[in-house]
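Below is one structure, written out as structure tokens, with a few remarks after it.
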Amino acid sequence: MTILFIETATTTCGVGLMVAGVADTLIVDRNRNHTEFLTDGIQSILSSHGLTTQDLTKVVVDRGPGLYTGLRVGIATAIGLANGLGIDLVGVTSLEMLARGAFDEGVRGDYVGLIDGRRGEVFAQHFLLNGHVEPLADPLVATPAEVIEQVKGLSSLTLGGDGVAKYLEQFQLLSNATLMPLEIPPLEAGLKLGAEAQVDGAVVPLYLRDPDAVANFTTREQR
């Protein structure tokens, strides 16, 4: 199986390639020029392995939450490739990628993934990392202060993502938290999630900004 992964949820654009279970990743651009550099990045990582798009068997794309324009570019490109080649297309979320990447690095216990949502807000989701990655709440939009208020009662937790990097001074006030600021959701985690995922309908962007995205980390009962 040869899988292409497309990441455009943050200001940094990246691509990944998994060939026979071995992952390779490439940062394409760091300045929000997704439209300009994404296609060249895809061609570059394929060429480095002596492959073309005709060799792909699956396309995986980060469907958000993240930057509105970036998500549109990435998802449109992924749909165009998959439809044109007649191959599978699946979406993963940027927050799932953060949690899976942390899990693969050995992080265990409560984990909150944070993507910079601009407007003084973050996109957040609470996970439990033990034998596997388990979401404890739905993704939501919140201010850093609201996130801090929700998690300050936990005995310990890990916060990860570019939302941590953006609001580092605020999150450093949490004495119970280990911080893992990241520039971009882990591309290898996106490839792994995509390899495991089954096609399940159309891939649509996860924008989250609507009145129902209420800041509540206890949507689902912890186990």
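Any read-out appearing in this document is the output of simple, stated calculations on the displayed coordinates, not a laboratory observation. This is a predicted model, so every value here is computed, not measured. Note that each Cβ is placed from the backbone with ideal geometry, even for glycine, and that neighbours are counted across all protein chains shown.
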### Task
Identify which of the listed values of mean projected area of the Cα convex hull in nm² was calculated from the structure shown: (1) 11.8; (2) 18.2; (3) 11.1.
(1)
### Task
Please list the non-local residues whose amide H lies under 5 Å from the amide H of D29, H modeled 1.01 Å from N, same-chain partners needing a gap of 5 or more.
C13
### Task
Measure off 7 Å from each Cα along the Cα-to-Cβ vector at T53 and K152, then give the distance between these two points in nanometres to one decimal.
5.1 nm
### Task
Mind ranking 41-50, 119-128 by how tightly packed they are, going by the mean number of other C-beta atoms within 10 angstrom, highest first?
119-128, 41-50
## Note on the structure
In degrees, nearest 10, the alpha-carbon axis of helix 68-85 is tilted away from the dominant principal axis of the alpha carbons of the chain by 40 degrees
## Note on the structure
Short to long, in 5 Å steps from zero, the percent of alpha-carbon pairs of region 106-181 per bin is 4, 18, 31, 29, 14, 4, 1, 0
### Task
Could you state the angle between the C-alpha long axis of helix 34-47 and the longest principal axis of the C-alpha atoms of the chain, as a value from 0 to 90 degrees rounded to the nearest 10?
60 degrees
### Estimated 222 nm signal from helices in the chain, with DSSP H stretches of n ≥ 4 weighted -39500 (n - 2.57), rounded to 500
-9000 deg cm²/dmol
### Message
I'm checking a number: the convex hull volume of the Cα atoms of region 51-167, normalised per residue, in Å³. What is it?
### Response
124 Å³
